[in-house]
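The values are calculated or read from the model by the stated rules, or taken from the named source; none is laboratory data. Bear in mind the structure is a predicted one, so any value in this text is a computation, not a measurement. Note that each Cβ is placed from the backbone with ideal geometry, even for glycine, and that neighbours are counted across all protein chains shown. Protein only, heavy atoms only, side chains kept; ligands, DNA and RNA dropped before computing areas. Shrake-Rupley method; radii C 1.70, N 1.55, O 1.52, S 1.80 Å.
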Amino acid sequence: MREANPMTSGITVRVDPDKCQGHARCSALAPELFELDEFGYARQALNSCVPSELIDKAYMARANCPEEAIVIEPGSRADL
Ligand code: F3S
């Protein structure tokens, strides 16, 4: 996991592992936010809030996931 920019948006992104089917659109559109595991399934790349400059990419990735596996929520990833 990478450390986030301190200028954060107050939102987090995560991937629902029960829904992800490995389409990889998220990592193609927002490689700063999503990475693929050894089986091609996505997981969030940050352990904290989305940097402000990546908000649009987070929403674009969610809109382009055919499985609706990307979840955007308020809050921090301090629990990770
Ligand atoms: Fe999975 Fe959707 Fe990304 S299916 S690999 S979260 S585009």
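Is it the case, given these coordinates, that Cys49 is within 14 Å of Ile72 (Cα to Cα) and open to solvent by less than 60 Å² (accessible area, probe 1.4 Å)?
For Cys49, the condition - within 14 Å of Ile72 (Cα to Cα) and open to solvent by less than 60 Å² (accessible area, probe 1.4 Å) - is met.
Can you spot a residue in the range 11-32 that is among the polar types (S, T, N, Q), surrounded by fewer than 17 Cβ atoms within 10 Å (Cβ to Cβ) and more than 11 Å from the ligand (Cβ to nearest atom)? Steps first, please.
Of the range 11-32, the ones among the polar types (S, T, N, Q) are 12, 21, 27.
From what is left, the residues that are surrounded by fewer than 17 Cβ atoms within 10 Å (Cβ to Cβ) are 21.
Narrowing the set further to residues that are more than 11 Å from the ligand (Cβ to nearest atom) leaves none.
No, there is no match, as no residue in the range 11-32 is among the polar types (S, T, N, Q), surrounded by fewer than 17 Cβ atoms within 10 Å (Cβ to Cβ) and more than 11 Å from the ligand (Cβ to nearest atom).
Which residue is farthest from the ligand (Cβ to nearest atom), if the candidates are limited to the range 33-48 and must be out of contact with any helix residue (DSSP H, G or I) (no Cβ under 7 Å at 6 or more places or on another chain) and of a type outside the set (D, E, K, R)?
Ser48
Would the range 26-34 turn up any residue that is more than 16 Å from Gly75 (Cα to Cα), modelled with pLDDT of 95 or more, more than 12 Å from the chain's Cα centre (by Cα) and assigned to a loop (DSSP other than H, G, I, E, B)?
Of the range 26-34, the ones more than 16 Å from Gly75 (Cα to Cα) are 26-32, 34.
Among the residues that remain, those that are also modelled with pLDDT of 95 or more are: 26-32, 34.
Narrowing further to those that are more than 12 Å from the chain's Cα centre (by Cα): none.
For the range 26-34, residues more than 16 Å from Gly75 (Cα to Cα), modelled with pLDDT of 95 or more, more than 12 Å from the chain's Cα centre (by Cα) and assigned to a loop (DSSP other than H, G, I, E, B): absent.
Has the range 33-51 got at least one residue that is acidic (Asp, Glu) and under 16 Å from Ser9 (Cα atoms)?
The initial filter retains those residues of the range 33-51 that are acidic (Asp, Glu), namely 35, 37-38.
Still in the running and under 16 Å from Ser9 (Cα atoms): none.
Checking the range 33-51: not a single residue is acidic (Asp, Glu) and under 16 Å from Ser9 (Cα atoms).
Of all residues being at pLDDT 95 or above and in a loop (DSSP other than H, G, I, E, B) in the range 51-80, which is nearest to Leu29 (Cα to Cα)? Just the residue, please.
Going through the qualifying residues, I end up with Cys65.
Which of the residues belonging to the range 56-79 are open to solvent by 50 Å² or more (accessible area, probe 1.4 Å), more than 10 Å from the ligand (Cβ to nearest atom), touching a residue at least 24 places away in the same chain (Cβ under 8 Å) and touching a strand residue (DSSP E or B) at 6+ places or on another chain (Cβ under 9 Å)?
Matches in the range 56-79: Glu73, Pro74, Ser76.
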